[in-house]
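The values are calculated or read from the model by the stated rules, or taken from the named source; none is laboratory data. For clarity, every value in this text was computed on a predicted model and none was experimentally measured. Quick reminder, even Gly has a Cβ in these numbers, built from the backbone with ideal geometry, and neighbours come from all protein chains shown. With ligands, DNA and RNA removed, areas are computed over all heavy atoms of the protein, side chains included. Shrake-Rupley method; radii C 1.70, N 1.55, O 1.52, S 1.80 Å.
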Amino acid sequence: MSELPLPVVTPLTEPYWKGLEEGELRHQKCRGCGHVWLPAREECPRCLTADITWEASSGRGRLISWVIYHHSSDPVFAERVPYNVAVVELDEGARLITNILAPSEDLAIELPVVVQIEQESGFSLPRFRLA
Amino acid sequence: MRGTAVIAGIGQTAQGKMPGRTTTSLNVEACRKALDDAGIEKSMVDGLFVKYPTSEHRSMYAQTMAEALGIQPRIGGVWDQGGAAPSSMISFAAMAIEQGQCEVALVTIADNPRTGTRQAYERGWGDDAVFGWFGTPAGYAMVARRHMEQYGTKHEQLGAVARACRRHGANNPDAQLRRPLTAEAYEASSFVVDPLRRDDCCLISDGGAAVVVMSAERARQLGVGAPVPILGFGQGQTSWEVAQRPDLTSTAAAVSARTAFAMAGLAPKDIDVAQLYDCFTITVILTLEDYGFCAKGQGGPFVEDGRIEIGGDLPINTSGGLLSESGMPGMQLVTEAVRQIRGTSTNQVAGATTSLVSNQGGIMHTHSTLILGSS
């Protein structure tokens, strides 16, 4: 039985995954300069301080780009082709890799999207649907 | 420094499937051929610049290479800049020579992903693998989609890049893939990761290539047969991962090119022939724009109508590039640029006096440029 390649939860990323379990997509925010980003980092990439907090995102954003896999060397995803992977920018400014829950013919750059948290293999994953 | 350093010799192994050949062995063969081509003894080499093998990560690799070559270089090391490394290492060698840190440098790369390991190219991207985000081609596909949506770039225009490289490779007896590509065959080829088809993706190859760098003055003293002057070089780093990059369709290749053109005292219109890193067809289109060969967004129309083929305004990748000659990360573009200035390419651009190389690594994370020319 092939297994999904699951995230490795670390002390750094634990608040992110915990937030999703609780139904909330979170980003990191610098208390000093207000910069917002994902994925989790130890320091703010803008002002380089480590005074960082987690904050709830609106879960709303826009589609930056997407691809459709027609082949995968991973056994789980080989069974899922064709599937999409997308880059989404949240309204607050953080960007993340995700899947869009829509047929590929409906996709276009800059379309508004909204998060839809889905359970899979014990993880709560932030996927997006068209808004 | 314009023209003060030269490429004095080039060497290249066969490219393709070479089962059992280590990267060390491929590097040594490439270096031996480059030294022979320059007509010098290895005892003269006091600089050694080696690319980190993409397919096989190991530490202290430059020391392994120096031991295999039986030399004790004063200066050198391993450079980890992916496919941008060849032109960068040549630049650092030229600067080291200028500053008296060495006199004769070997710059070499080799990889064996075809018959060795290719895990580096297929791995998932950390925690994002849970979304099915795997592999290098997908990163370029993400850039390609944005470019197509933003600027109207068409599949046929990506195909025009592949067709140009395949036409040139077909006429290069040393190319790994010597089968020309028709527009129909391109359109019929299957998607690997949409919008990229199989024929948009470079070859996977075992192989090595090396060059000898020295000052123009030293080359004269040694009676080197066909030294090719280095007129300009530059680098630029985009650095952001694909998902984090604020603008997916612009790269720091623009910075790299601007630095190199300024050093050479040249502009895009002065370039007779260009070797543009073509790991994927979209890379060439972005590079043409970022180098200023055309306006941003116009790379698609620019590659149409044979403009980038032999006989066109700007022939590119005249030995076939990564799409047809070899998937080796970048030094084959340098050796072909040298051949163009020497007048010895199998797809020679008549009277070429300026020859440009664009190298880049990661997913357009890091860039380097080299401009060669008859002085």
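A few remarks follow.
- Pairs with Cβ under 8 Å, 6+ apart, first in region A:57-85 and acidic (Asp, Glu), second open to solvent by less than 30 Å² (accessible area, probe 1.4 Å) and part of a strand (DSSP E or B): A:74/B:124; A:74/B:134
- When the criteria are applied in full, residue A:43 fails the requirement of being farther than 30 Å from residue B:197 by Cβ, open to solvent by 20 Å² or more (accessible area, probe 1.4 Å), in contact with a strand residue (DSSP E or B) (Cβ under 9 Å, 6 or more places away or on another chain) and touching a residue at least 60 places away in the same chain (Cβ under 8 Å).
- Residue within region B:10-18 that is under 13 Å from residue B:209 (Cα atoms), open to solvent by less than 60 Å² (accessible area, probe 1.4 Å) and in contact with a Cys (Cβ under 9 Å, 6 or more places away or on another chain) present: yes
- Screening residue B:123 on (1) of a type outside the set (S, T, N, Q); (2) at pLDDT below 95; (3) open to solvent by less than 20 Å² (accessible area, probe 1.4 Å) shows it passes everything except condition (3).
- Some residue of region A:5-19 being under 25 Å from residue A:130 (Cβ atoms), without any contact (Cβ under 8 Å) to a residue 60 or more places away in the chain and either open to solvent by 20 Å² or more (accessible area, probe 1.4 Å) or touching a Ser or Thr at 6+ places or on another chain (Cβ under 7 Å) (or both): yes
- So residue B:65, is it in contact with a Cys (Cβ under 9 Å, 6 or more places away or on another chain) and farther than 19 Å from residue B:94 by Cα: yes
- Only one of the listed residues (B:37, B:80) is in contact (Cβ under 8 Å) with a residue 24 or more places away in the chain, farther than 16 Å from residue B:218 by Cβ and open to solvent by 40 Å² or more (accessible area, probe 1.4 Å). That residue is B:80.
- In region B:287-320, the qualifying residues are those that are more than 24 Å from residue B:152 (Cα to Cα) and out of contact with any Lys or Arg (no Cβ under 9 Å at 6 or more places or on another chain), and the one that is surrounded by the most Cβ atoms within 10 Å (Cβ to Cβ) is B:317.
- Considering residues of region A:108-122 that are at the interface with chain B (Cβ under 9 Å from one of its Cβ atoms) and open to solvent by less than 50 Å² (accessible area, probe 1.4 Å) only, the residue nearest to residue B:132 (Cα to Cα): A:120
- Considering residues of region A:37-49 that are out of contact with any His (no Cβ under 8 Å at 6 or more places or on another chain) and within 14 Å of chain B (Cβ to nearest Cβ) only, the residue farthest from residue A:91 (Cα to Cα): A:41
- Residue satisfying all of: in region A:58-82; open to solvent by 30 Å² or more (accessible area, probe 1.4 Å) and in contact with a helix residue (DSSP H, G or I) (Cβ under 9 Å, 6 or more places away or on another chain); modelled with the highest pLDDT among these: A:82
Residue-wise test of (1) open to solvent by 10 Å² or more (accessible area, probe 1.4 Å); (2) within 9 Å of chain A (Cβ to nearest Cβ); (3) at pLDDT below 95.
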| site | (1), (2), (3) |
| --- | --- |
| B:114 | yes, no, yes |
| B:118 | yes, no, yes |
| B:130 | no, yes, no |
| B:135 | no, yes, yes |
| B:149 | yes, yes, no |
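- Test: residue B:101 is within 21 Å of residue B:28 (Cα to Cα), open to solvent by 10 Å² or more (accessible area, probe 1.4 Å) and part of a loop (DSSP other than H, G, I, E, B): no
- Options B:242, B:224: the member that is away from chain A (no Cβ under 14 Å) and more than 28 Å from residue B:310 (Cβ to Cβ): B:224
- Being under 25 Å from residue B:365 (Cβ atoms), within 14 Å of chain A (Cβ to nearest Cβ) and either surrounded by 18 or more Cβ atoms within 10 Å (Cβ to Cβ) or modelled with pLDDT under 95 (or both) is a property that residue B:161 lacks.
- For region B:15-65, filtering for residues that are assigned to a strand (DSSP E or B) and at positive phi leaves 1.
- Single residue of A:34, A:93, A:23 found to be within 12 Å of another protein chain (Cβ to nearest Cβ), more than 12 Å from the chain's Cα centre (by Cα) and on the phi > 0 side of the Ramachandran plot: A:93
- Residue among B:196, B:203, B:231 that alone is under 22 Å from residue B:140 (Cβ atoms), among the aliphatic types (A, V, I, L, M) and more than 14 Å from chain A (Cβ to nearest Cβ): B:203
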